[in-house]
Every structure is written in C-alpha cells, then in structure tokens.
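Right, one structure below, let's go through it.
The values are calculated or read from the model by the stated rules, or taken from the named source; none is laboratory data. Computed from a predicted model, the values in this text were never measured in an experiment. Cβ coordinates were reconstructed from backbone atoms using ideal geometry, including for glycine residues, and neighbour counts include every protein chain displayed.
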Amino acid sequence: MRRNEIDICADVLRIAKGGAKKTWIVYGANLNFKIVKGYLSRLIEPGLLVFRDDIYYTTDVGVKFLEFYGSLNSMLEGDFLAMDQMGGVVEVVQ
C-alpha cells in the first residue's frame, strides 16, 4: 500500500522521537534528501519537530500528533465506534 503525506509525516516523527540526523530520517523513512527536506520544513513550521545541534527531535506536540495518528489508524483498521446523532457512543462496531 502506498503511503500518503500524513503517513510519511508520522514516519518522520517516529524516527525523530529520540533524536535523529537527517540521514537517519532519509533511510528510516525510505525517502530521498530532496523530498525529506520538504517534510522537515513542513513539520518544523507548526512545531511538531525541532532542529538542534544537527539533530531533529519530535516535540511534545509531535508526540501528540503520533497518538492521534495511531488512534485514527486503529479506527480505520476496524475498531469503529458507532455514534448517535448527539455524538454519544452507542456500540463498538468491528
């Protein structure tokens, strides 16, 4: 299955969680240097990633993004919650 931009952003944030050089991100996310440059900028601008001493680090905001991303993936893999019109959970649908 082909990754979309959100999947790639999540991969980059996961790799940089404990700190990562650009080369590690390129190889870990299976991207090239030209493409990874755009993703790094895209993640730094809203504060999901920081660059310090030649190392990229996932911020607390980036970790929160990964948590939401993981939850959405779980839902898409079958753990849907059925909601009523007022937004209350009715049942878990698998």
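Quick one: in region 1-33, of everything that is closer than 19 Å to Glu77 by Cα and within 15 Å of the chain's Cα centre (by Cα), which residue is surrounded by the most Cβ atoms within 10 Å (Cβ to Cβ)?
Among those that are closer than 19 Å to Glu77 by Cα and within 15 Å of the chain's Cα centre (by Cα), it is Ala10.
Being loosely packed, with under 14 Cβ neighbours inside 10 Å and modelled with pLDDT of 95 or more is the filter here, so list the residues in region 64-81 that pass it.
Residue satisfying the conditions is Lys64 alone.
Which members of region 10-24 meet the condition of being closer than 13 Å to Gly62 by Cβ and in contact with a strand residue (DSSP E or B) (Cβ under 9 Å, 6 or more places away or on another chain)?
Those that are closer than 13 Å to Gly62 by Cβ and in contact with a strand residue (DSSP E or B) (Cβ under 9 Å, 6 or more places away or on another chain): Val12, Leu13, Arg14, Ile15, Ala16, Lys17, Gly18, Gly19, Ala20.
Scan region 49-73 for residues that are in contact with a helix residue (DSSP H, G or I) (Cβ under 7 Å, 6 or more places away or on another chain) and in contact (Cβ under 8 Å) with a residue 40 or more places away in the chain and report the count.
6
Looking only at region 15-48, count every residue that is in a helix (DSSP H, G or I), out of contact with any Gly (no Cβ under 8 Å at 6 or more places or on another chain) and either within 17 Å of Tyr69 (Cα to Cα) or at pLDDT below 95 (or both) and tell me the total.
Number satisfying all stated conditions: 2.
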